[in-house]
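K.L.:
There's a structure below that I have some questions on.
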Amino acid sequence: MNAELLNTLRKITDEEQRILDGNAEVEKNLYTSEREFTVDSKKMLAEEQLITIRTHTRFIYFPEHRHNYVEVIYVLNGSVTNIIGGKEVVVKKGELLFLNQYTKHAILPAGESDIVVNFIILPEFFDVASEMIGKDNVLADFLVNILRRNQEQGEYLHFKVSDVLQVQNLLENMIYSLVHDQEYDRIINQTTMGLVFLYLLDSVPYAETRIPNQYENMVVMTALKYIEQQYRTATLTHLCDEIHQPIHTLSKLLKNNTGCTFKELLQRKRLSKAVELICDTDLPVNDIIAAVGYENNSYFHRIFKDRYHMTPRAFRLENKKKDQVRI
């Protein structure tokens, strides 16, 4: 972390100074106008803002509350302890905690050396990230949808990525941009968040989560990761053997959580990869068909035409002419 930026963020705020001077309670009027302690985005964000940051208020117990926005907690130094659903969730230096809308949590008192940044984000901020990580990336779809949900049962994703240098650099760049209010910062920050998500996708199987039906959701995320990585040879039978789930159970979980069957999810991934190879290489279509895991050329041509309304050859000519890919 840039030393100048860290020194800026560790300064005692006016609110913290009042606490040090003897104010023993959080000033709720700074966060909400409602009787229930729901931190209001209108108090935190300027008009038309989609994202901002503030340093976490230290030296005091922050009572149970929730937000009407997505909160991302990033620890620059030290640690911070959240209480979520009666469980202590300790976020350490370099780690990220995503809290979806309406997740209830309390925070134990942080010390002066605990420098924690709260990203305050409206769900639509993630639109660019969603586009960047791909329309046919079913794992990414699932992850982004968790953050968009608006329901009473709170959800969180805790990414222990302190060793992922790319994530640390991207977050530092975003914090710097938000602190200094740089020109064109909205698109810069939305794009940066998209890059963060691309790196986080590799960490999903190792993330700590609290989601309603947590075990089921982790099974689904593992299955989606398997499809992303093993699409060429993936089978439902092999996956069930790998994660020790009956075929009918996993099939039901996938359908309930993604709206698609295993076959449909696998087909989406294979066709997405085929489109990439059709547009970015000069490989013969028959070689591409084999490369994405299909043995029956006629079947591939039929499902490709059903989805894209043209043959693979026509798709290649169309997109080379326009110099873009329409997936």
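K.L.:
Using label points projected 7 Å from each Cα along Cα→Cβ, tell me how many nm separate Asn7 and Asp287, to one decimal.
P.N.:
For the pair Asn7/Asp287, the computed spacing is 5.8 nm.
K.L.:
Stretched out fully, how many nm does the piece from Glu295 to Gln17 gain, at 0.36 nm a residue minus the Cα gap? Please report the intermediate quantities before stating the final value.
P.N.:
Numbers: separation 278, 0.36 × 278 = 100.08 nm, distance 6.88 nm.
Full extension of this stretch gives 93.2 nm more.
K.L.:
If you project the alpha carbons of segment 222-279 onto their three principal axes, what span does each projection cover, largest first, in Å?
P.N.:
38, 22, 14
K.L.:
With a 1.4 Å probe and every protein chain left in place, tell me how much accessible area Val164 has, in Å² to the nearest 10.
P.N.:
The accessible area comes out at roughly 40 Å².
K.L.:
Given a 1.4 angstrom probe, I'd like the percentage of the accessible area of segment 24-139 that is carbon and sulfur, rounded to a whole number.
P.N.:
On the way: 2090 of 4810 Å².
C and S fraction of accessible area: 43 percent.
K.L.:
What does the helix-only formula give at 222 nm for the chain: each DSSP H stretch with n ≥ 4 adding -39500 (n - 2.57), the total divided by the residues, and the result rounded to the nearest 500 deg cm²/dmol?
P.N.:
On the way: 14 runs with 154 residues, N = 327.
Computed ellipticity for the chain at 222 nm equals -14500 deg cm²/dmol.
K.L.:
While we're here: Keeping all protein chains in the complex and leaving out DNA, RNA and ligands, what accessible area do you get for Arg232 with a 1.4 Å probe, in Å² to the nearest 10?
P.N.:
Using a 1.4 Å probe on the heavy atoms, I get roughly 130 Å².
K.L.:
Just read off the accessible area of Leu108 with the full protein assembly in place, 1.4 Å probe, to the nearest 10 Å².
P.N.:
Around 60 Å² of this residue is reachable by solvent.
K.L.:
Could you sort Leu317, Leu266 by accessible area so the largest value comes first, with the probe set to 1.4 Å? Mind dumping the intermediate values first?
P.N.:
Values: Leu317 100, Leu266 15 Å².
Per-residue accessible area, sorted high to low, gives Leu317, Leu266.
K.L.:
Could you compute the FRET efficiency for Asp306 and Ile188, with r as their C-beta to C-beta distance and R0 at 56 Å, rounded to 0.05?
P.N.:
It comes to 0.90.
K.L.:
Another question, if that's okay. Under a cut-off of 27 Å between alpha-carbon atoms, report the lysines in cross-link reach of Lys320, not counting same-chain residues fewer than 8 places apart.
P.N.:
Lys135, Lys269, Lys273, Lys305
K.L.:
Output the Kirkwood hydrodynamic radius of segment 1-40, Cα pairs only, in Å rounded to one decimal.
P.N.:
Details: mean 1/r = 0.0820 Å⁻¹.
Answer for segment 1-40: a Kirkwood hydrodynamic radius of 12.2 Å.
K.L.:
According to the Cα gyration tensor, what semi-axes, each the square root of 5 times an eigenvalue, does the equivalent ellipsoid of the chain have, listed from largest to smallest in whole Å? It would help to have the intermediate numbers written out before the result.
P.N.:
On the way: eigenvalues 361, 102, 54 Å².
Whole-Å semi-axes of the equivalent ellipsoid: 42, 23, 16.
K.L.:
Counting only heavy atoms of protein chains, what accessible area per residue, in Å², does the chain have with a probe of 1.4 Å? Let's see the in-between values first.
P.N.:
Details: 16490 Å² over 327 residues.
Heavy-atom accessible area per residue stands at 50 Å².
K.L.:
For segment 213-327, which whole-number percentage of the solvent-accessible area (1.4 Å probe, protein heavy atoms only) is attributable to carbon and sulfur atoms?
P.N.:
Details: 3200 of 6640 Å².
Accessible surface attributable to carbon and sulfur in segment 213-327 totals 48 percent.
K.L.:
Something else now. Please go through the residue pairs Lys87/Lys160; Lys160/Lys255; Lys43/Lys92 and name each one whose alpha carbons sit more than 22 Å apart in this structure. Please list the in-between numbers first.
P.N.:
Working: Lys87/Lys160 17 Å; Lys160/Lys255 29 Å; Lys43/Lys92 27 Å.
Beyond 22 Å: Lys160/Lys255; Lys43/Lys92.
The values are calculated or read from the model by the stated rules, or taken from the named source; none is laboratory data. Note that the structure is predicted; figures quoted are calculated from it, not measured. A quick note on method: Cβ atoms are made from the backbone with ideal geometry, for glycine too, and the neighbour counts reach across all protein chains shown. Heads up: the accessible areas ignore ligands, DNA and RNA and are worked out on the full protein's heavy atoms, side chains in. Shrake-Rupley method; radii C 1.70, N 1.55, O 1.52, S 1.80 Å.
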